[in-house]
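Since the structure comes first, as structure tokens, the remarks are kept for the end.
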Amino acid sequence: QFIDLIGHKTKMQFEDMNARELTRPYKKYVQRIDEMERILRFLTEELSRVPDADIIKNNTEKFLSHAEDYKLDEVEARLKQTYQEFVRLKENNSALLAKRNEALEERYVVQTAVASMANVQHSSNSSHNRSVDDDFEFSASRSLLDDEEGGSHRRSIETMFSNIAGVIAQVDQDRFARTLFRATRGNTFTHFQQIFDPMMDPKTGTEVHKSVFVIYFQDNRMGSQISAMSERIQKICSSYGVNTYRWPGSKQAAQDRLNSLQVQVADQHRLLMGHEEFMLSEAKSLLERSRPGGNSVIEDWRLFCKKEKAIYATLNLFEGDMNLRANCWYPAAQEQQIQALLSSSLAQAGQNSAVLIAHRTPARHSPPTYIRKNEFTCIFQDLVDTYGLPNYGEANPALFTVVTFPFLFGVMYGDVGHGAMLLSVGLYAVWKAEDLKHKVPELYYARYILVMMGLFAVYVGFLYNDFFSLGFSFFTSRWVAPEGDHKPGQAVTYHPEPWFDTKNEGGIGPYPFGVDPAWHGASNELIYMNSMKMKISVILGVVQMMVGLLLRIANAIHDNSPLDFICECVPMMIFMVCFFGFMDYMILYKWVNAMPNPPSIINSLIAMAMWGEDTNPMLGTSLPRILMGTSLLAIPWMLIPKPLIKLWQHKQEMKNRSGPNGSNGHGHGHGHYSPIDEEACSIEDLEEGEEFDFGELAIHQVIETIEYVLGTVSHTASYLRLWALSLAHQQLSVVFLSMTLLGGMTQPFPLNVITCYFYFALWFIITLGILLGMDVLECFLHVLRLHWVEFQSKFYKAEGSAFEPFCHRAVLHQKED
């Protein structure tokens, strides 16, 4: 009762107290429920064969609000009773179906015999009308033994023919014929007659196509003796599991048997229809709603079994016989709520009681990480958790991923038109969320990230001034073409407006928002956009990596680790700021300060890193050298101090443990001794047993330092994928539009109307398939890599364990294997 209450209204994770002994006191209850689930699977499979039988599902909340109406013994008894009824119905149905199939098969055999005898009679009648030449050929082909004395008697013995008829599945027909031919050495002739109407297999319930076969063979048997050939053929028929039937001796006998079989088939069909109606009535009781707005009865039974099985599986984690005890984890903010819940349930429990005792001692291992999620943040947190779960108290990158992930996607995918289409899909999924929840769960799950990605794609599209590769003119352009007539195809050089302050001296500045539309269609548009997007990518990348280092600093402060803060966080930040931060500063400085001879940032960085002379410095020659020297000093700062300090700390710890008399420092006083003290001592002894390997620590620090120094360079270059994918998206959009719609518009009237009609359909299909399909997935994967590798590697260890509380809703929403 208490576990049921905890699973319904609180969040608690229980530890396995019987892991060492491997005892499971409630194993019998779990086995009972396993058997009940097997019965439910059988009933569900049987109901799936009933036409128009839909099980009403997905009303979990309605079930939980009335879950106390079901009792394990009552549900088990009803399930077993229903199971026995369905098994009996299934056996009866199989028996009726088998009898009906036998009657049908024999009817088809008799029909084949009637048709064969009709052909024989027709051929015998035609033999009386033979000509003289035909009589000569007939007499010439007769056996010479017929003319001798006793020849007819010998022929009746040696050339007696017999047959065996039956029905076989068409899939086995060829193999059956080959087996007969090889086993009888070609001394049989097999005739097959296809049955066009399929028959229902009573064992599997599937339709099977069959054929009638008639095997003709020479049989020199006498009386009732069975020849070797006949026995061999019967064995082959038995091995294939075919049904054999008696071949009629005359046409009249065949016709009489056919009439009898027609009546028998009709009777069997009526019995099957009556049996099917009875089975439908039985199935209806399982498919009807258990209550208004609820699930079907069989679905409620399934949910009840899952809930009860989870309760007994949780009880198996407790130790004790009469008094059960288990360690558990719960959110600290819910402690008062849990205690109040357990106290309020004591009146209903009678003599039973449950108590929550909070221990403030250090845990045996790191606590699980509990992250509150909602429908909006769920998918972003799952993207982070796929890389790894945060440690307890570690900074959670999902908080930043909610914004940075769709924003970086927008930087790659920036286009107002394409972003609006993606946004429309997301808004539709949000609007129809309840309908898509169970019909298209993947779209329901991703609806909010689609909305965010679409919003940022539209926003960055306005910054790029791209609408399906076309530009907007919301404001006055700062560039103007010279006056005069210009010939078509002639290159025209635009000049800035007289009122445009190109030197940033306090006048009217550049285009207010986004890229000036004058750049669209310019011959140097690609050069300008590439330069701008490349620098923006580098700036965004360095800023995001710095945020990662700030989170690393926050983790060190939270863990109360001054060694990590001084020997790792500080030099890492210094190295990042002094080199890559200075690079971003030069980019921004060059943008806002007009210079007559602007320096090359790449040349300045090369001269800075190589300690060379910069012929055209932007900020002097001394500042880059100072920053570069500081960056180089940060490398040994990361490499050397931490292993040496840890070695000194280890020696001091060993000295303190040895004590003045050489003891290990564990005295035995007369204080109170508890199992918790024993547990703490065992943990301490375990830590004492761990060996300190200075060489391994030094190698690890060398690897960490090299990885960070080289990683900052490669990670900064990796952010150039923002520029590369944005360029690819923009150029693909230009090509698709110019080759379809714009190409159709250039046609003369009225041909342009017709071509635009078809070209628009072609352009829309290409846009959906490539730019809204492949390109969205490509940008998504690249942004995911930037977060996992470039951003999270700066601070995220991802070594935590998930907080998995016992919760009925989580259990019932689990997908079936």
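Restricted to segment 744-761, and to residues there that are more than 19 Å from D415 (Cβ to Cβ) and hydrophobic (A, V, I, L, M, F, W, C), the residue that is surrounded by the fewest Cβ atoms within 10 Å (Cβ to Cβ) is F749. Restricting attention to segment 783-817, the residues being part of a loop (DSSP other than H, G, I, E, B) and out of contact with any strand residue (DSSP E or B) (no Cβ under 9 Å at 6 or more places or on another chain) number 11.
Hey, could you check segment 366-375 for residues that are at pLDDT 85 or above and either touching a Gly at 6+ places or on another chain (Cβ under 6 Å) or of a type in the set (S, T, N, Q) (or both) and say which is least open to solvent (accessible area, probe 1.4 Å)?
Among them, the one singled out is T369.
Residues in segment 17-34 that are within 30 Å of the chain's Cα centre (by Cα) and surrounded by 15 or more Cβ atoms within 10 Å (Cβ to Cβ): V30, I33. Screening M322 on (1) within 29 Å of the chain's Cα centre (by Cα); (2) over 18 Å from P51 (Cα atoms) shows it passes everything except condition (1). For segment 460-473, indicate whether the set of residues that are part of a helix (DSSP H, G or I) and open to solvent by 30 Å² or more (accessible area, probe 1.4 Å) is non-empty. For segment 460-473, residues part of a helix (DSSP H, G or I) and open to solvent by 30 Å² or more (accessible area, probe 1.4 Å): present.
Residues that are more than 16 Å from F780 (Cα to Cα), part of a helix (DSSP H, G or I), of a type in the set (D, E) and out of contact with any Asp or Glu (no Cβ under 7 Å at 6 or more places or on another chain): does segment 431-440 have at least one? Yes, segment 431-440 contains a residue that is more than 16 Å from F780 (Cα to Cα), part of a helix (DSSP H, G or I), of a type in the set (D, E) and out of contact with any Asp or Glu (no Cβ under 7 Å at 6 or more places or on another chain). Taking every residue in segment 719-739 that is farther than 14 Å from L526 by Cα and touching a residue at least 24 places away in the same chain (Cβ under 8 Å) and pairing it with any residue that is of a type in the set (K, R) and surrounded by fewer than 20 Cβ atoms within 10 Å (Cβ to Cβ), at least 6 positions away or on another chain, the pairs with Cβ-Cβ distances below 9 Å are R721/R785. Taking segment 278-294 as the range and being open to solvent by 100 Å² or more (accessible area, probe 1.4 Å) and touching a residue at least 60 places away in the same chain (Cβ under 8 Å) as the test, the residues that pass are F278, R289. Of the residues making up segment 593-602, at least one is open to solvent by 20 Å² or more (accessible area, probe 1.4 Å), farther than 20 Å from I553 by Cβ and either among the basic types (K, R) or touching a residue at least 40 places away in the same chain (Cβ under 8 Å) (or both). Please verify whether I56 is in a loop (DSSP other than H, G, I, E, B), open to solvent by less than 50 Å² (accessible area, probe 1.4 Å) and within 26 Å of H275 (Cα to Cα), treating the condition exactly as stated. Spelling it out, I56 is indeed in a loop (DSSP other than H, G, I, E, B), open to solvent by less than 50 Å² (accessible area, probe 1.4 Å) and within 26 Å of H275 (Cα to Cα).
Considering only residues that are part of a helix (DSSP H, G or I) and either surrounded by fewer than 17 Cβ atoms within 10 Å (Cβ to Cβ) or modelled with pLDDT of 85 or more (or both), which ones fall in segment 339-358? Full working, then the answer.
Narrowing segment 339-358 to residues part of a helix (DSSP H, G or I): 339-344, 346-349.
Once the filter is applied, which keeps residues that are part of a helix (DSSP H, G or I) and either surrounded by fewer than 17 Cβ atoms within 10 Å (Cβ to Cβ) or modelled with pLDDT of 85 or more (or both), segment 339-358 yields Q339, A340, S343, S344, L346, A347, Q348, A349.
Among the residues of this structure, Q264 counts as one that is modelled with pLDDT under 80 and within 24 Å of E91 (Cβ to Cβ).
Condition check ((1) of a type in the set (K, R); (2) open to solvent by 80 Å² or more (accessible area, probe 1.4 Å); (3) more than 20 Å from the chain's Cα centre (by Cα)) across all residues:
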{"site": "L772", "(1), (2), (3)": "no, no, yes"}
{"site": "V776", "(1), (2), (3)": "no, no, no"}
{"site": "L781", "(1), (2), (3)": "no, yes, no"}
{"site": "W788", "(1), (2), (3)": "no, no, no"}
{"site": "S793", "(1), (2), (3)": "no, no, yes"}
{"site": "E799", "(1), (2), (3)": "no, yes, yes"}
{"site": "F803", "(1), (2), (3)": "no, no, yes"}
{"site": "H808", "(1), (2), (3)": "no, no, yes"}
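The single condition from (1) buried (at least 17 other Cβ atoms within 10 Å of the Cβ); (2) over 15 Å from Y108 (Cα atoms); (3) not charged (D, E, K, R) that W247 fails is (2).
Quickly run through segment 702-734 and pick out the residues that are within 16 Å of V460 (Cα to Cα) and of a type in the set (A, V, I, L, M). Passing the criteria: L722, A724, L725, L727, A728. Each residue in segment 303-318 was checked for being touching a strand residue (DSSP E or B) at 6+ places or on another chain (Cβ under 9 Å) and either part of a loop (DSSP other than H, G, I, E, B) or open to solvent by 60 Å² or more (accessible area, probe 1.4 Å) (or both), and 2 pass.
Out of A446, A429, A433, report the one residue that is open to solvent by less than 10 Å² (accessible area, probe 1.4 Å) and among the aliphatic types (A, V, I, L, M). Only one candidate passes the filter, namely A429.
Residues are listed down the side, and each one gets a yes or a no for (1) open to solvent by less than 20 Å² (accessible area, probe 1.4 Å); (2) of a type outside the set (D, E, K, R); (3) at pLDDT 90 or above; (4) touching a Pro at 6+ places or on another chain (Cβ under 7 Å):
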residue: R360; (1), (2), (3), (4): no, no, no, no
residue: R364; (1), (2), (3), (4): no, no, no, no
residue: T377; (1), (2), (3), (4): no, yes, yes, no
residue: T404; (1), (2), (3), (4): no, yes, yes, no
residue: L422; (1), (2), (3), (4): yes, yes, yes, no
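Per-residue answers, yes or no, for (1) of a type in the set (D, E, K, R); (2) part of a helix (DSSP H, G or I):
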site	(1), (2)
F189	no, no
M229	no, yes
R232	yes, yes
L258	no, yes
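Scanning segment 20-53 for residues that are assigned to a loop (DSSP other than H, G, I, E, B), among the charged types (D, E, K, R) and touching a residue at least 12 places away in the same chain (Cβ under 8 Å) gives R24, R49. For segment 387-430, filtering for residues that are part of a loop (DSSP other than H, G, I, E, B) and without any contact (Cβ under 8 Å) to a residue 24 or more places away in the chain leaves 0. The criterion of being in a helix (DSSP H, G or I) and small (G, A, S) holds for A77. Taken residue by residue, segment 464-485 has at least one member that is in contact with a helix residue (DSSP H, G or I) (Cβ under 8 Å, 6 or more places away or on another chain) and among the acidic types (D, E). Screening V87 against (1) over 22 Å from R270 (Cβ atoms); (2) part of a loop (DSSP other than H, G, I, E, B) leaves a single unmet condition, (2).
The values are calculated or read from the model by the stated rules, or taken from the named source; none is laboratory data. Quick caveat, the model's predicted, so the values are computed rather than measured. Using ideal geometry, Cβ is built from the backbone for each residue, glycine included, and neighbour counts are taken over all protein chains shown. All accessible areas refer to the heavy atoms of the entire protein, side chains included, with ligands and DNA or RNA removed. Shrake-Rupley method; radii C 1.70, N 1.55, O 1.52, S 1.80 Å.
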